[in-house]
Amino acid sequence: MDLIKLRPFIPSGEDYPQAKRFFEDLGFQKMYSDSGLTIFRLDEQEFYLQNFHNEEFQSNFMVELLVPDLDEWWTNIQNNIQNKNYPIKVKEPTEYPWGKREIHLIDPSGVCWHIAESK
């Protein structure tokens, strides 16, 4: 069996237009968008942003994003996200006991993104 790509469906929360702006500001390119679904891409990685709101699901959903340069992502978040008043929570790069250095970012819908340095 072979695998080509895994594309998660990320819920937008209550404000779908705001979620789309957030991911564009984070650096993802919008490949397609309609009233129910947006496809985002960065390099070869893609995900679907679904116009869907379920607070219990969103607050229990997590995604790991492995990146080659965590400090570059932290600078991008500080320069392009934090000053735009998105309803997010973000924790600076931290070394965790499980051996990864990560940024924890809770997006506008409540999804927790573990942005981790690839080793």
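The values are calculated or read from the model by the stated rules, or taken from the named source; none is laboratory data. Given the structure is predicted, the values throughout are model-derived calculations rather than measurements. Note that we place each Cβ from the backbone using ideal geometry, even for glycine, and neighbour counts take in every protein chain shown.
Before moving on, here are some points about what is shown:
- Options Glu117, Glu46, Glu102: the member that is under 15 Å from the mean Cα position of the chain (by Cα), surrounded by 12 or more Cβ atoms within 10 Å (Cβ to Cβ) and without any contact (Cβ under 8 Å) to a residue 40 or more places away in the chain: Glu102
- Meets criteria (within 27 Å of Lys119 (Cβ to Cβ) and not hydroxyl-bearing (Ser, Thr, Tyr)) for Arg7: yes
- Matching strands (runs of 3 or more DSSP E) fully within the stretch 1-50 where at least 1 residues are among the basic types (Lys, Arg): 29-33, 37-42
- Checking Val63, Val67 one by one, the residue that is crowded, with 16+ Cβ neighbours inside 10 Å and at pLDDT 95 or above is Val67 and no other.
- Search result, residues across the stretch 68-119 that are in a loop (DSSP other than H, G, I, E, B), within 23 Å of Pro17 (Cα to Cα) and aromatic (Phe, Trp, Tyr): Tyr86
- Identity of the residue in the stretch 77-103, in contact with an Asp or Glu (Cβ under 7 Å, 6 or more places away or on another chain) and among the polar types (S, T, N, Q), that ends up nearest to His114 (Cα to Cα): Thr94
Residues are listed down the side, and each one gets a yes or a no for (1) at pLDDT 95 or above; (2) over 24 Å from Lys5 (Cα atoms); (3) crowded, with 16+ Cβ neighbours inside 10 Å; (4) out of contact with any helix residue (DSSP H, G or I) (no Cβ under 6 Å at 6 or more places or on another chain):
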site: Glu24; (1), (2), (3), (4): yes, no, no, yes
site: Phe28; (1), (2), (3), (4): yes, no, yes, yes
site: Asn79; (1), (2), (3), (4): no, yes, no, yes
site: Asp107; (1), (2), (3), (4): yes, no, yes, yes
